[in-house]
1. Under the condition of being at pLDDT 95 or above and away from the ligand (no atom under 16 Å from the Cβ), which residue from region 51-73 is nearest to residue 159 (Cα to Cα)?
2. Give, as residue ranges, the helices (runs of 4 or more DSSP H) completely inside region 210-270 that count at least 3 residues that are without any contact (Cβ under 8 Å) to a residue 40 or more places away in the chain.
3. Residue 57 - would you say it is surrounded by fewer than 18 Cβ atoms within 10 Å (Cβ to Cβ), part of a loop (DSSP other than H, G, I, E, B) and over 18 Å from the mean Cα position of the chain (by Cα)?
4. Within region 216-248, count every residue that is farther than 14 Å from residue 35 by Cβ and either more than 16 Å from the ligand (Cβ to nearest atom) or surrounded by fewer than 22 Cβ atoms within 10 Å (Cβ to Cβ) (or both).
5. Within region 23-38, which residues are part of a strand (DSSP E or B), surrounded by 22 or more Cβ atoms within 10 Å (Cβ to Cβ) and either more than 17 Å from the chain's Cα centre (by Cα) or more than 11 Å from the ligand (Cβ to nearest atom) (or both)?
6. Within region 143-169, track down each residue that is more than 12 Å from residue 180 (Cβ to Cβ) and buried (at least 24 other Cβ atoms within 10 Å of the Cβ).
7. Going through region 1-22 one residue at a time, which ones are within 16 Å of the ligand (Cβ to nearest atom) and under 19 Å from residue 263 (Cβ atoms)?
Ligand SMILES: [Zn+2]
């Protein structure tokens, strides 16, 4: 069964009156056996994100601040030490992020984004947890900063989530030991370049996600997304890669557990 490696169960954009428990129940009914609930602000949504993970079997979470909220994090003076301590505070916290750079929206100052990204990378190196990276229109800086902070040589590992960047970033991230995660974007009609990248990356580096409530895959594009829909992206990818769906599920699940090692400790096979 599928594991959705990236979703936001506590996000305000989920449908009104739809609780995380409702969304999780629909996902499990649709054959999604696990999911990672991604934090977007350490002193914002993180406590709720964690308690959702604690309350449900095979729902894990991350701790971190999205680049959109990097300036808020700077104002609140969140320290590296705080991230490290939180990351180790619960068995359900299996990664750090999402963090990165978004120069498309620039909702936060570039300097704050860079400082926050560096802090998250350092927390990963310190804790051994994988980094969940958000990259938009910032390919060069993403790679440069990962390398300046030590990259794979320093023991850093992680995933380029909701991959929609260039081949250069995909190749650089692979060199640094990162996984590449595909969302509903890969199913969109104009995503030819992205589909070529999906075909070219080593299959043992491939992950799958919804990024719900955003980016519902075809044929549900435009709807509020949820983890139950991950199979649409899965079937699309299996066709694209000439694999049967079961094989794709097994590959992506094995990859998930080799990256998010801490998830194995609480995983319950049903
Ligand atoms: Zn996200």
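The values are calculated or read from the model by the stated rules, or taken from the named source; none is laboratory data. Small disclaimer: the values here were computed from a predicted structure and weren't measured. So basically every Cβ, Gly included, is an ideal-geometry build from the backbone, and we count neighbours across all protein chains shown.
1. So, considering only residues that are at pLDDT 95 or above and away from the ligand (no atom under 16 Å from the Cβ), the one nearest to residue 159 (Cα to Cα) is 58.
2. Passing ranges, in order: 230-240, 245-259.
3. Numbers: surrounded by fewer than 18 Cβ atoms within 10 Å (Cβ to Cβ): yes; part of a loop (DSSP other than H, G, I, E, B): yes; over 18 Å from the mean Cα position of the chain (by Cα): yes.
Judged against the criteria, residue 57 is a match.
4. Counting residues in region 216-248 that are farther than 14 Å from residue 35 by Cβ and either more than 16 Å from the ligand (Cβ to nearest atom) or surrounded by fewer than 22 Cβ atoms within 10 Å (Cβ to Cβ) (or both) gives 22.
5. Result: 32, 34, 35.
6. Hit for region 143-169 is 146, nothing else.
7. Restricting attention to region 1-22, the residues satisfying the condition of being within 16 Å of the ligand (Cβ to nearest atom) are 3-14, 20.
Answer for region 1-22, where residues must be within 16 Å of the ligand (Cβ to nearest atom) and under 19 Å from residue 263 (Cβ atoms): 3, 4, 5, 6, 7, 8, 9, 10, 20.
Residue by residue, here is whether (1) in contact with a strand residue (DSSP E or B) (Cβ under 6 Å, 6 or more places away or on another chain); (2) within 16 Å of the ligand (Cβ to nearest atom); (3) on the phi < 0 side of the Ramachandran plot holds:
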site	(1), (2), (3)
100	yes, yes, no
106	no, no, no
123	yes, no, yes
129	yes, no, yes
138	yes, yes, yes
163	yes, yes, yes
171	no, no, yes
187	no, no, yes
